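Have a look at the structure below before the remarks.
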Amino acid sequence: EEEVNIYRKQNRIRIYGTDVPHPLKTFAELSDRFKLRKYLRKNLDEAGYNEPTPIQKQAVPIMLHAREIMACAPTGSGKTLAYLLPILQDLKGPAKEGFRALFICPTRELAQQIHRELKKLCQSKPFKICVLTKTNVSNDNVAASLQNFDILISTPLRLVHGLQHESIKLSSVRHLVLDEADKLLELGFLEQVDEIMASCTNDNLQKALFSATIPSGVEALAKSFMKDPVRVVIGAKNA
Ligand code: ADP
Ligand code: MG
């Protein structure tokens with residue numbers, strides 16, 4: 001335990017919560033410790049991700065233990081992979097059950113970035129991924145095939161429109177990530193995010209918040225809808 005604390009300190013990882021899983025030292029360790037799927041290991045290698053970043057070291061084991069997480073780490077520190085990797089591990093493969101993972105972010109550009117990172121990690125696994133943009137689900141044919149998708153990436157406004165007008169269903173969602181959560185939980189988005197969360201009716205829903213900053217008001221709000229979350233902070237608290 002002492003050694004683990006020293007390792008966290010070296011990586012500027014601070015944790016708040018009970019029974020927090022130990023951080024990773026390497027991606028290779030995931031194979032033994034969590035039976036990481038071979039395609040994920042291969043795609044990490046092919047993307048040139050040799051060593052996990054500090055947020056990945058701590059967030060990945062927390063999420064693989066099916067814990068809810070509030071993670072705060074600087075811009076450019078690899079937060080996207082930190083949540084994509086454990087969620088893909090849990091999804092196993094394509095399932096035609098409807099959306100099982102939902103990634104919400106404040107802008108379309110960010111949605112495209114998440115999609116790019118996801119495609120790198122999904123190579124050779126035919127997950128069906130939908131990035132909601134202004135036009136792409138508005139015709140009936142696409143709407144009818146929604147059941148075939150596994151993963152949804154959207155902004156709040158676009159998704160609320162989809163819920164109200166395009167028969168998008170979120171009842172199969174097991175993983176909800178709010179990326180850039182500080183912005184998503186501000187007044188301009190809060191109403192939509194509330195509506196989205198209310199549509200995620202699956203009992204096994206697991207929530208994760210990732211952000212560069214988590215103001216105390218946002219933290220209090222997040223705690224009100226999360227189950228025994230672990231909070232992870234990398235570097236200075238609000239840097
Ligand atoms: P954040 O969301 O924290 O701002 P990103 O998830 O966008 O950061 O990642 C920033 C960049 O770092 C991306 O180009 C991503 O591909 C790269 N990256 C992520 N994890 C690693 C890693 N373990 N090793 C090398 N590069 C990585
Ligand atoms: Mg990001």
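Across the range 37-42, rounded Karplus estimates of 3J(HN,Hα) from the backbone phi angles (6.51 cos²θ - 1.76 cosθ + 1.60, θ = phi - 60°) give 4, 4, 5, 5, 4, 5 Hz, Gly and Pro being marked x. In the chain, helices alone account for a calculated mean residue ellipticity at 222 nm of -12500 deg cm²/dmol, with every DSSP H run of four or more residues adding -39,500 (n - 2.57).
Search the structure for amide H atoms under 5 Å from the amide H of A71, placed 1.01 Å from N in the peptide plane, and list their residues when 5 or more places away or on another chain. Here the answer is L209, F210, S211, V232, since their amide H atoms fall under 5 Å of that of A71.
Whenever you get a sec, compute what percent of the accessible area on the range 1-110 sits on carbon and sulfur atoms (1.4 Å probe). Could the numbers behind the result be given before it?
Details: 2600 of 5190 Å².
C and S fraction of accessible area: 50 percent.
Phi angles across the range 53-67 convert, under the Karplus curve 6.51 cos²θ - 1.76 cosθ + 1.60 with θ = phi - 60°, into 3J(HN,Hα) values of 6, x, 5, 5, 4, 9, 6, 4, x, 4, 6, 5, 8, 6, 9 Hz, Gly and Pro given as x.
Note down the magnitude of the dipole of the chain about its Cα centre, charges +1 on Lys and Arg C-beta and -1 on Asp and Glu C-beta and zero elsewhere, to the nearest 20 debye.
Details: 33 positive and 27 negative charges, 130 e Å.
Dipole size: approximately 620 debye.
Output the 0 to 90 degree angle, nearest 10, between the alpha-carbon long axis of helix 79-91 and the longest principal axis computed from the alpha carbons of the chain. The two axes meet at around 70 degrees.
Here the peptides 122-131, 147-156 are ranked by packing, the mean other Cβ count within 10 Å, and the order with the highest first is 147-156, 122-131. Once the 1.4 Å probe is applied to the protein heavy atoms, the chain comes out at 47 Å² accessible per residue.
Straight-line cross-link partners of K42 among the aspartates and glutamates, defined as a Cα under 14 Å from its Cα and at least 8 positions apart when in the same chain: E29, E51.
Sorted into 10 angstrom bins from 0, the C-alpha pair distances of the range 29-110 split as 15, 49, 33, 3 percent. Longer than 24 Å from Cα to Cα, which of K25/K223; K25/K96; K128/K207; K96/K120 are they? Say none if no pair is. Check vs 24 Å cut-off fails for K25/K223; K25/K96. For a test of the definition: using alpha carbon positions, the gyration tensor, and the 1.5 limit on a/c, classify the chain as rounded, prolate or oblate. Here the chain falls in the oblate category.
Close amide H partners of Q206, meaning residues 5 or more places away or on another chain with modelled amide H under 5 Å apart, are H175, L176. Once the chain from A66 to Q112 is taken as fully extended at 0.36 nm per residue, the excess over their C-alpha distance is 13.9 nm. With the highest mean first, a sort of the peptides 51-61, 21-31, 214-224, 98-108 on other beta-carbon atoms found within 10 angstrom per residue produces 51-61, 98-108, 21-31, 214-224. Under 10 Å from the Cβ of L159, count the other residues' Cβ atoms, weight Lys and Arg +1, Asp and Glu -1, and hand me the total. Result for the neighbourhood of L159: -1.
Counting protein heavy atoms only, the range 158-211 has 45 percent of its accessible area on carbon and sulfur, 1.4 angstrom probe.
The values are calculated or read from the model by the stated rules, or taken from the named source; none is laboratory data. Here the structure is a predicted model, which means the values were calculated and not measured. A quick note on method: Cβ atoms are made from the backbone with ideal geometry, for glycine too, and the neighbour counts reach across all protein chains shown. What goes into the accessible areas is simple: the full protein's heavy atoms, side chains included, and nothing from ligands, DNA or RNA. Shrake-Rupley method; radii C 1.70, N 1.55, O 1.52, S 1.80 Å.
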